[in-house]
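For reference, the structure discussed in these notes is given below.
The values are calculated or read from the model by the stated rules, or taken from the named source; none is laboratory data. Here the structure is a predicted model, which is why all the values come from computation and not from measurement. All Cβ positions, even for glycine, are placed from backbone atoms using ideal geometry, and neighbour counts span all protein chains on display. Heavy atoms of the whole protein, side chains included, go into the accessibility calculation; ligands, DNA and RNA do not. Shrake-Rupley method; radii C 1.70, N 1.55, O 1.52, S 1.80 Å.
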Amino acid sequence: MARTSLASILTVLALAVLASTTLVAAQSPLEECVKTFDANKDCFTAKSTNEAAKYFKVDYKNYYKVVTVNNTFAPITNYTLVIRGAPKTNLPTNVNGTFEIPVRNATVFDTTSVPYLELLGKRGQIQSAASPSYVTSACFQKLISAGTIKTVDDKNVTNANTTLATADVIFSGVGQTLNVSTGKWVTQAASSDPGALNRVEWLEYFAQWFGLEGDAQKITTEITARYNAAKAAAARAKPASPLKVAWVSYSAPASWNGNQASWSFSAAAYKKDLVTDAGATFVTPAVSTYTDVAEFRKQLTDVDVAIYESFSNDTLATFTSAFGLNSDFKMVKNAQVYGLDKRVNGLGFMDWFESALVFPNVVLVDLMTIVSPRAVPAGVTRRYLRKLDSESQGVVATGECSGDASAAQSVQGPESASFSSLPTSAATRRGGAESSAVTAAVAVVVGIAVSMIL
């Protein structure tokens, strides 16, 4: 018995040593760097290059860094991020928050932050979320259902304080805050950054809090490469007379607009990027918003494709009713009207406001299936854009999350190599508005030929 007890004790001691070794090994390279502290040693071997994003910058010191968000629509905010274990003396004090990094967990107050953290492999470190029912991610939904991600009660400050007490960082959109007693708020402005590829690079912003700049750069490079490969294929397939695309919206009379209906064209830079890179012409009249629908309709005369920015699971009929259109308009006659809601969660909230920001390559290919389908790899279907006359919304459910729900999100969309031999011949692939335009042109030619024979 004595021998057995001794053996058990030795086994326990061995396991304890192994566990302590594992804990030490589990420390991040940043924490290892400051173990034997040297203020002159640069611990940030991977630094953000920040080549596209306009609204954030990073100033690296040896063992801390200052991250600045300079969104033109909100006050400038600065955050000091110091390596966990390094001295906290002589740090900048005129900042909006000081954080030890790598952070061990995070809270999200907006859907936009979710896909960035998922791509970095940090979904499993999201400890809580406000309004999680808005999120479309299947694996995020799964973690909510399991209770792994808690819901922040944003209607009750006391309850919210309890949930947020252990949060290392709270990511939120511009102006999204809650009156709780924590200094861990961080503003992100990814959706405000103007260009399609600008928004991808905000992955490097989120990476700052986890010390994952190197990983973020690899992912950003991959998404950018896929985008540029699709763009090059669309350029090779671009017709002499590109199709015209307009992004339009309708505001019904309400108290907030003085009970005045209005109809608008969007001139957003990222939408122009996407349309022109897909091989089409972006329609932006000198006046963007109209209160006279007849004047608005005049601007739609030559539009081939309309992207309807709505939140109501619309049909072609509800679109034409809102704008007072009929089949005299090309986009109606050819049924080339699309919504942004092909992918939604069970409550109808759209993935467009979530993963579309980090996957502009997928949005680009969505548009290419409409305006330059010969440049799209075979078998590709649209993820975000829904054809209003014939397609239904696809509802994302937790069952789509197989395996480890905390695992990193993979990059979506066709790989770069799949575009190398495109476009295909005209006889091989046609569809979308391009097909409708060709059909209309053929009809005109045939009509002329018949009239000449007669």
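Results, tabulated for the structure shown:
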{"read-out": "For segment 53-135: accessible area per residue (Å², 1.4 Å)", "value": "38 Å²"}
{"read-out": "In Hz, Karplus ³J(HN,Hα) per residue of segment 394-402 (6.51, -1.76, 1.60; θ = phi - 60°; x = Gly, Pro)", "value": "x, 8, 7, 10, 4, x, 6, 8, 9"}
{"read-out": "Whole-percent pair-distance distribution, where bins are 10 Å wide, for the alpha carbons of segment 315-435", "value": "12, 35, 34, 16, 3, 0"}
{"read-out": "HN-Hα J in Hz across segment 128-141 - Karplus 6.51, -1.76, 1.60, θ = phi - 60°, x for Gly and Pro", "value": "7, 8, 8, 6, x, 5, 6, 7, 9, 3, 5, 6, 4, 4"}
{"read-out": "In degrees, nearest ten, helix 2-25 long axis to first principal axis of the chain (Cα)", "value": "50 degrees"}
{"read-out": "Lys/Arg +1, Asp/Glu -1 at C-beta; the chain dipole; positive extreme among Ser133, Gly348, Ile219", "value": "Ile219"}
{"read-out": "Rounded if a/c under 1.5, otherwise prolate or oblate - segment 305-381, Cα gyration tensor axes", "value": "oblate"}
{"read-out": "DSSP bridge pairs, the chain: antiparallel proportion in percent, nearest 5", "value": "45 percent"}
{"read-out": "Listed candidates [x] 23.4, 93; [y] 24.3, 74; [z] 26.3, 113 - label of the one calculated as Rg and Dmax of the Cα atoms in Å", "value": "[z]"}
{"read-out": "Net dipole in debye of the chain [+1 Lys, Arg Cβ; -1 Asp, Glu Cβ; about Cα centre; nearest 20]", "value": "440 debye"}
{"read-out": "Percent RCO, i.e. relative contact order, over the chain, from Cα pairs under 8 Å lying at least 6 residues apart", "value": "15 percent"}
{"read-out": "Percent of alpha-carbon pairs separated by more than 19 Å within segment 185-260", "value": "62 percent"}
{"read-out": "Rg and Dmax [Cα atoms of segment 34-172; Å; Rg one decimal, Dmax integer]", "value": "16.7, 47"}
{"read-out": "Per-peptide average of other Cβ atoms within 10 Å, ordering 193-206, 317-330 highest first", "value": "193-206, 317-330"}
{"read-out": "Candidate lysines - alpha carbon under 25 Å from Lys231, same-chain residues fewer than 8 apart omitted", "value": "Lys54, Lys218, Lys244, Lys271, Lys272, Lys342, Lys387"}
{"read-out": "Computed over segment 289-418: relative contact order in percent, which uses C-alpha pairs under 8 Å that are six or more apart", "value": "25 percent"}
{"read-out": "Set of lysines with alpha-carbon distance to Lys65 below 17 Å, sequence-local pairs under 8 removed", "value": "Lys41, Lys47, Lys57, Lys88, Lys184"}
{"read-out": "Relative contact order of segment 332-394, defined on C-alpha pairs under 8 angstrom at six or more residues apart (%)", "value": "48 percent"}
{"read-out": "Mean residue ellipticity (222 nm) of the chain, computed from DSSP H runs ≥ 4 via -39,500 (n - 2.57), nearest 500", "value": "-10000 deg cm²/dmol"}
{"read-out": "Asn78-Lys54 pseudo-label distance in nm [points 7 Å out on the Cα-to-Cβ vector]", "value": "2.3 nm"}
{"read-out": "Which of Asp389, Asp341 is most accessible, then next, and so on - probe 1.4 Å", "value": "Asp389, Asp341"}
{"read-out": "By accessible area with a 1.4 Å probe, ligands and nucleic acids excluded, highest first: order of Ile76, Ile149", "value": "Ile76, Ile149"}
{"read-out": "For segment 256-398, alpha-carbon Rg and Dmax in angstrom", "value": "15.3, 49"}
{"read-out": "Radius 10 Å from Cβ of Ser131, net charge of other residues (Lys, Arg +1; Asp, Glu -1)", "value": "-2"}
{"read-out": "Förster radius 30 Å - calculated FRET efficiency between Asn156 and Ala254, Cβ distance, rounded to 0.05", "value": "0.55"}
{"read-out": "3J(HN,Hα) from dihedral phi, segment 221-231, Karplus parametrisation 6.51/-1.76/1.60, rounded to Hz, x for glycine, proline", "value": "4, 5, 5, 4, 5, 5, 4, 5, 5, 5, 4"}
{"read-out": "Reduced Cα scattering model of segment 242-320, Debye log10 I(q)/I(0), q = 0.18, 0.20, 0.26 Å⁻¹", "value": "-0.78, -0.95, -1.36"}
{"read-out": "Per-pair calculated FRET efficiency, R0 = 45 Å: Thr89 and Ala378 via Cβ, rounded to 0.05", "value": "0.15"}
{"read-out": "Chain lengthening between Asn40 and Gln393 when straightened (0.36 nm per residue, less Cα-Cα)", "value": "121.5 nm"}
{"read-out": "Stretchable slack from Thr289 to Ser264, in nm (0.36 nm times residue separation minus alpha-carbon distance)", "value": "8.6 nm"}
